[in-house]
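Student: Let me begin by handing over the structure; questions about it come next.
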Amino acid sequence: MTPTLAIFKRELGGYFATPVAYVFIVIFLVLTGVSSFIFGGLFERNQADLLPFFGFHPILYLFLIPAISMRLWAEERKTGTVELLMTLPVTTLQAVLGKFLAAWAFTGIALVLTFPTWITVNYLGSPDNGVIVAGYLGSFLMAGSYLAIGSAISALTRNQVIAFVLAFVVCGIFVLLGYLSSLLNYVGLSAEVADIVGYFGFQNRFNALSKGVVYVRDLVYFASIMVCWLLANALILDLKKSR
C-alpha cells in the first residue's frame, strides 16, 4: 500500500468516525434541494433538466467546501500531529495528495447522494442524461478546485476559523471573476477584456459543463487549478517544516 493510499484511507475513515460528516452531508442535501426546488423553481420551469440544481453549486460550495478544507492542515498544526506525520516514511506531496483525495472523495459521496433529484427529473420528463452527467462532472471538478485552494490555505495557519475565512475569500474571488466577466460584457467594455477576466473564473467553465458542453480546455483549467494549489500546499508545508 502506497503512503498516499494509506493516508487517503485513514482520512476518509476519519470523516465518518464523527457525526460531523453526516451533519455536513445532510446540510448539503437540504441546501441543494431548497436551492433547486424553491429558489431555482425546478418544477415551475416545466423543463426536464437540472440547470437550477447545478446553478447554485458555485455559491453552495463557497460556504461548504471551506468548512471541509479548514481542518485539513490547521488542525494538524494546532495539535502538533503534523510533525509526527512528517516523520513517517512519506513525502510532503504524498501526504498532501492523500488528505486532498480523501476530502474530495467525501465531497463526491455527498454529491452522489443528490441522485434523487436526478431520478425525479427522469420520472417527470425525458432529460438529456448526458448533459446531467457532464454537469455532475463539472461540479465534482469545481469542488476539487475549491478543496485544493482551501487545503493550501489551511496549511498557512493553526486557526481553523481563519482558514475558513481566507478560503472563502480566495474561492469567492474565483467565483466573482465569472460574474465580473458578464458585467463587463453588459456595460459594453471590450469583449476581449471580459473574456480574459472570465478565463480565470470558475463560473464560465462550470456553466459550460453544466449545459453539457465539454471542452478539453475547461477540464484542463480545473486540473491546473488543483495541481497548482496542491503544489503550493506542499511548498508551504516544507517551508513551515524547515523553520
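Student: State the number of residues belonging to region 15-53 that are surrounded by 15 or more Cβ atoms within 10 Å (Cβ to Cβ) and assigned to a helix (DSSP H, G or I).
Tutor: The total comes to 16.
Student: Would you mention how many residues in region 220-243 are closer than 23 Å to PHE202 by Cα and out of contact with any helix residue (DSSP H, G or I) (no Cβ under 7 Å at 6 or more places or on another chain)?
Tutor: Qualifying residue count for the region: 6.
Student: Of all residues in region 140-159, how many are among the polar types (S, T, N, Q) and either at pLDDT 95 or above or buried (at least 24 other Cβ atoms within 10 Å of the Cβ) (or both)? Give the derivation first.
Tutor: Pass one, region 140-159, residues among the polar types (S, T, N, Q): 145, 151, 154, 157, 159.
Pick out the ones that are also either at pLDDT 95 or above or buried (at least 24 other Cβ atoms within 10 Å of the Cβ) (or both) and you get 145, 151, 154.
Total satisfying the criteria: 3.
Student: Then there's this: Scan region 118-139 residue by residue and report those that are among the polar types (S, T, N, Q) and buried (at least 19 other Cβ atoms within 10 Å of the Cβ). Give the steps one after another, and end with the answer.
Tutor: Applying the first criterion (among the polar types (S, T, N, Q)) to region 118-139 yields 120, 122, 126, 129, 139.
The answer is SER139, and nothing else.
Student: Cβ-Cβ distance below 8 Å, separation of 6 or more or different chains: which pairs start in region 82-111 with a residue that is crowded, with 21+ Cβ neighbours inside 10 Å and end on one that is among the hydroxyl-bearing types (Ser, Thr, Tyr) and modelled with pLDDT of 90 or more?
Tutor: VAL96/SER151; LYS99/SER151; PHE100/SER151; ALA103/SER69; ALA103/SER151
Student: A further question on this structure: Answer yes or no: is there a residue in region 149-157 that is of a type in the set (A, V, I, L, M), under 20 Å from PHE24 (Cβ atoms) and within 13 Å of the chain's Cα centre (by Cα).
Tutor: Taking region 149-157 and keeping what is of a type in the set (A, V, I, L, M), we get 149, 152-153, 155-156.
Filter once more, so that each one left must be under 20 Å from PHE24 (Cβ atoms): 149, 153.
If we keep only those that are within 13 Å of the chain's Cα centre (by Cα) as well, we get 149.
Yes, region 149-157 has at least one match.
Student: Okay, moving on. Regarding VAL187, is this residue modelled with pLDDT under 85 and among the hydrophobic types (A, V, I, L, M, F, W, C)?
Tutor: Details: modelled with pLDDT under 85: yes; among the hydrophobic types (A, V, I, L, M, F, W, C): yes.
Considered against the rule, which asks whether it is modelled with pLDDT under 85 and among the hydrophobic types (A, V, I, L, M, F, W, C), VAL187 comes out as yes.
Student: From ALA234, ALA223, ALA208, which residue is part of a helix (DSSP H, G or I) and over 20 Å from LEU137 (Cβ atoms)?
Tutor: Numbers: ALA223 fails: over 20 Å from LEU137 (Cβ atoms); ALA208 fails: over 20 Å from LEU137 (Cβ atoms).
Just a single option satisfies the conditions, and that option is ALA234.
Student: Answer yes or no as to whether VAL169 is farther than 24 Å from VAL216 by Cβ, in a helix (DSSP H, G or I) and at pLDDT below 60. Can you show your working first?
Tutor: Details: farther than 24 Å from VAL216 by Cβ: yes; in a helix (DSSP H, G or I): yes; at pLDDT below 60: no.
The answer is no for VAL169.
Student: Moving to a separate point now. Across region 29-67, what is the number of residues that are farther than 22 Å from ASN129 by Cβ and touching a residue at least 12 places away in the same chain (Cβ under 8 Å)?
Tutor: The total comes to 12.
Student: Inside region 209-231, can you point out the residues that are under 17 Å from the mean Cα position of the chain (by Cα) and either buried (at least 16 other Cβ atoms within 10 Å of the Cβ) or aromatic (Phe, Trp, Tyr) (or both)?
Tutor: LEU209, SER210, ASP218, TYR221, PHE222, ILE225, MET226, TRP229, LEU230
Student: Another question about this same structure. Tell me, please, whether a residue that is without any contact (Cβ under 8 Å) to a residue 40 or more places away in the chain, in contact with a helix residue (DSSP H, G or I) (Cβ under 8 Å, 6 or more places away or on another chain) and of a type in the set (A, V, I, L, M, F, W, C) can be found in region 123-144.
Tutor: Yes, because at least one residue in region 123-144 is without any contact (Cβ under 8 Å) to a residue 40 or more places away in the chain, in contact with a helix residue (DSSP H, G or I) (Cβ under 8 Å, 6 or more places away or on another chain) and of a type in the set (A, V, I, L, M, F, W, C).
The values are calculated or read from the model by the stated rules, or taken from the named source; none is laboratory data. The structure displayed is predicted, hence computed values, not measured ones. Neighbour counts run over all protein chains shown; Cβ positions are idealised from the backbone, glycine included.
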